[in-house]
Each structure stands twice: as C-alpha cells, then as structure tokens.
1. Within region 127-150, work out how many residues are touching a residue at least 60 places away in the same chain (Cβ under 8 Å) and under 17 Å from Leu49 (Cβ atoms).
2. Is it the case that Thr36 is at pLDDT below 65, over 16 Å from Ala80 (Cβ atoms) and not charged (D, E, K, R)?
3. Would you tally the residues in region 145-154 being crowded, with 19+ Cβ neighbours inside 10 Å and either within 12 Å of the chain's Cα centre (by Cα) or acidic (Asp, Glu) (or both)?
4. Quick check on region 61-80. Is at least one of its residues modelled with pLDDT of 90 or more and not hydroxyl-bearing (Ser, Thr, Tyr)?
5. Please go through (1) more than 20 Å from Arg86 (Cβ to Cβ); (2) under 15 Å from the mean Cα position of the chain (by Cα); (3) without any contact (Cβ under 8 Å) to a residue 40 or more places away in the chain for Leu165 and return the number of the only condition it doesn't satisfy.
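The values are calculated or read from the model by the stated rules, or taken from the named source; none is laboratory data. Just so you know, these numbers come straight off a predicted model, no measurement behind them. Neighbour counts run over all protein chains shown; Cβ positions are idealised from the backbone, glycine included.
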Amino acid sequence: MTTAAFLSDLTRVRGRTRQHSTQGASAAGGAERHATVLRLLNDILASELIWLMRYRRRYLLSGGKSMIADGGAGEEPTPADRLARRIVELGGEPDLDPDQLLSRNPADYASRGSVDERIREDLRAERIVIESYTEVIRYLGAADPPTREMLETNLRRERARVAHLSQILRDLDTEALDEVG
C-alpha cells in the first residue's frame with residue numbers, strides 16, 4: 001500500500017466516523033446517538049477481527065512462531081473481545097458477519113508478500129485503527145465513561161503493537177544490513 005493509498009484509507013475512516021457522528025448528533029444521548037456509537041464500535045471491531053485473522057494465518061503458517069507477543073492466544077481478552085462485550089453491554093449485537101468484515105475494515109487483508117512487506121502493511125493498518133479509536137473517543141467525549149475507558153485501553157494496546165512492529169521492522173532491516181556488509 002502506498003502512502004497515497006494509506007492517506008485515502010485514513011480519509012475514508014475519518015469521513016465514515018464523522019458521517020456516523022453527525023447522524024447521531026441531533027439526539028445527544030438519545031436513540032440515534034446510541035445507534036451511532038454501536039455502528040462506530042462495530043466498525044472498529046471489524047478492523048480488530050481482520051487483524052486477528054491476519055495474525056492467526058501468519059502464526060499458523062510460521063509453524064506456531066509468533067512475532068507479536070499479544071496475538072490473543074493468552075487468557076487476557078483481546079481488543080476485539082472487549083469491543084464485542086461492550087457492544088452487548090450497550091444492548092447491541094456485535095456484527096461478526098464475515099461477508100461484511102472486509103467492507104467495514106479500512107485496511108487491506110494483506111496476507112501475502114515478504115515478512116517486511118506484511119509488517120509494513122500491519123503498521124499501516126494499525127495506524128488506521130489508532131485513528132479510528134481516536135476519532136470515536138473524541139466523539140464520545142465525557143458522555144460514556146465505560147466505553148471511553150475500554151477504547152482507551154484498546155488504544156494503548158494498539159500503540160504498543162505499533163511500537164513492537166516498528167522494532168521488528170528495525171531488527172529485520174539491521175539483519176539485512178549485517179548480511180550484506
């Protein structure tokens with residue numbers, strides 16, 4: 001994915017978030033706002049589920065070697081788990097329809113390519129998800145502290161994932177240089 005494509009995806013995420021926000025803004029705290037929050041959470045959930053599928057595929061193809069420490073294999077809930085639980089707590093239904101996941105996810109599935117190409121795609125996807133979390137947190141403001149807290153927890157994890165992926169990429173670049181020189 002090129003920088004222009006990434007920026008286009010980011011613009012699409014912002015536009016969709018703002019569209020959902022404006023649709024619910026007329027009834028602050030009302031049914032429309034509630035529906036908007038559920039749509040926004042389901043959009044982020046789609047991105048998290050696509051990431052999980054990408055991660056699981058790579059994990060399985062690598063013979064069970066994980067490059068990412070927090071791939072969701074442990075007992076701690078994943079960001080997707082927390083999002084789905086919060087959607088249910090808010091009286092909604094997590095949209096897990098596989099036919100809809102890719103259309104609601106702004107980043108590519110990117111299951112092919114070299115290791116560093118896949119990591120670069122993961123970084124782009126993570127940055128888009130971070131922007132999505134940030135936009136929804138901004139939209140919520142102080143109106144829904146439990147949802148905001150959950151989103152902020154997920155956002156911290158996303159940022160840690162970006163730092164980890166960036167370090168892996170730097171390590172790969174260093175290894176490549178060592179092999180050449």
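1. Adding up the residues that qualify gives 6.
2. For Thr36, the condition - at pLDDT below 65, over 16 Å from Ala80 (Cβ atoms) and not charged (D, E, K, R) - is not met.
3. Matching residues across region 145-154 total 2.
4. yes
5. Every condition holds for Leu165 apart from (3).
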